[in-house]
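What follows is a set of notes on a single structure, which appears directly below.
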Amino acid sequence: MLTFCKTADTINSALAHFSAIPDFTLPTTAAKIYLLGKCAETVEFKVFSFKCPVTGFESFAVLRMFKPNPSRSYLVFGAATNAKFADETIKQVFDELAELVPEFFTSGTMTLGTEVLAPQINKCLSEKFPDFDFIPYPTQMYYMTKSQQTVFMDSIKDGIKLPDGYVFDKANFDTDLETILDTWLHKAPGEEPYLRTKLSHLPNSLIRHIPTGDAASCEHIDAVGLMTHQFTIKEHRQKGLGTAVEKDMCRQLISLGLTPFKCVELYNVNLLKASDNTVYWTRRDCDIGKPSVTTYLEIISKKTDN
């Protein structure tokens, strides 16, 4: 059922097939980062696809594993917004994955590129792993089209302006890691080593307040390419710093040949509205023009420590 892409040629062939379709942005970006050799010493990627023999729909997926801590693994799927997969296909896919990487199904996160798959996969996993809960977090994905990337890069050709007293800087592991971790809503146990890896090898942005030397705003990406953890310290808000780090992130990603994209939680109404009204973001919609939900499933053990 699972067809693994184990060489650069087979991955590039898959990318040629899937990359032009926004529904596959998550896994195709992850596969491109893998080909770039980012984080190769500590992050392992498994790239694969599968096709439902009943409906003919395809899915492209990437499993990203942080070698020192398997609980920080991440599985991203791409599928058309109108995709339909037979229950037996989903069951076989996860039977094979559970045999291949059993450690993932003790603690991990997966992202489903289409809301059609979320309840089906949730049901399958709940039956297969009754000792775990699979908690869905619905989000809206935004991405940059090629034309938007061109317009955006032209708009910042003279640089990204910051207010007086602020400067772009690299993260200082001795002074900034605690701030980044303490402000991150979605951090997990064992996050610091993986954060160090990401800040060392992947695009990230940090703005420093010159008078105090403190980090004021930051953003980075996961090794699958997802822009994450945009945060501005309270006393530095309403100055455009969040927009600035986002622009800096997009600049870096485009320079690497990657599509900038982000997922905004549905409860974050203000950011959803801001993203909808920004000329360089495109909302991922279904084929009838309505927003298409990208769902995260967090795997949590029902067992508690005595």
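No other residue among Leu202, Leu256, Leu241, Leu195 is farther than 30 Å from Ala83 by Cα and over 19 Å from the mean Cα position of the chain (by Cα) apart from Leu241. Against the definition (more than 16 Å from the chain's Cα centre (by Cα) and assigned by TED's automatic domain parsing to the domain that holds Ser13), how does Glu44 come out, yes or no? It is false that Glu44 is more than 16 Å from the chain's Cα centre (by Cα) and assigned by TED's automatic domain parsing to the domain that holds Ser13. Quick check on segment 59-116: of everything there that is among the aromatic types (Phe, Trp, Tyr) and out of contact with any Ser or Thr (no Cβ under 6 Å at 6 or more places or on another chain), which residue is nearest to Lys198 (Cα to Cα)? Going through the qualifying residues, I end up with Phe66. For segment 24-41, taking the residues that are surrounded by fewer than 22 Cβ atoms within 10 Å (Cβ to Cβ) and part of a helix (DSSP H, G or I), the one that is nearest to the chain's Cα centre (by Cα) is identified as Lys32. Entry remark, segment 128-160: residues being closer than 27 Å to Leu266 by Cα, free of Cβ contacts under 8 Å to residues at least 24 places away in the same chain and among the charged types (D, E, K, R) number 1 in total. Taking segment 42-160 as the region of interest, the helices (runs of 4 or more DSSP H) fully inside it that hold 2 or more residues being at pLDDT 95 or above are 87-100, 146-155. For first residues located in segment 246-262 and within 19 Å of Phe168 (Cβ to Cβ), partners that are in a helix (DSSP H, G or I) and basic (Lys, Arg) and lie 6+ apart or on another chain with Cβ distances below 9 Å form the pairs Leu256/Lys32; Pro260/Arg251. Pairs linking a residue in segment 163-175 that is assigned by TED's automatic domain parsing to the domain that holds Pro211 and among the small types (Gly, Ala, Ser) to a residue that is part of a loop (DSSP other than H, G, I, E, B) and loosely packed, with under 12 Cβ neighbours inside 10 Å, with Cβ atoms under 9 Å and 6 or more positions apart or on different chains, are Gly165/Pro211. Here Asn270 passes the criteria (1) free of Cβ contacts under 8 Å to residues at least 12 places away in the same chain; (2) in contact with a strand residue (DSSP E or B) (Cβ under 8 Å, 6 or more places away or on another chain) except the one numbered (2). A count restricted to segment 22-58 and to residues that are under 25 Å from Thr197 (Cβ atoms), in contact with a Gly (Cβ under 6 Å, 6 or more places away or on another chain) and hydrophobic (A, V, I, L, M, F, W, C) stands at 3. Arg284 fulfils the conditions (1) buried (at least 16 other Cβ atoms within 10 Å of the Cβ); (2) of a type in the set (D, E, K, R); (3) closer than 18 Å to Ile160 by Cβ except for a single criterion, (3). Of the listed requirements (1) at pLDDT below 95; (2) at negative phi; (3) not in a helix (DSSP H, G or I), His229 misses just one: (2).
Search segment 129-177 for residues being among the β-branched types (Val, Ile, Thr) and under 23 Å from Arg283 (Cβ atoms), and hand back the single one that is surrounded by the most Cβ atoms within 10 Å (Cβ to Cβ).
Among those that are among the β-branched types (Val, Ile, Thr) and under 23 Å from Arg283 (Cβ atoms), it is Thr139.
Quick check: is even one residue across segment 250-261 among the small types (Gly, Ala, Ser), under 28 Å from Thr114 (Cβ atoms) and in contact with a Leu (Cβ under 9 Å, 6 or more places away or on another chain)? Taking every residue of segment 250-261 in turn, at least one turns out to be among the small types (Gly, Ala, Ser), under 28 Å from Thr114 (Cβ atoms) and in contact with a Leu (Cβ under 9 Å, 6 or more places away or on another chain).
The values are calculated or read from the model by the stated rules, or taken from the named source; none is laboratory data. No experiment lies behind these values; they were computed from the predicted model shown. Reconstructed Cβ throughout: ideal geometry from the backbone, glycine too, with neighbour counts over all protein chains shown.
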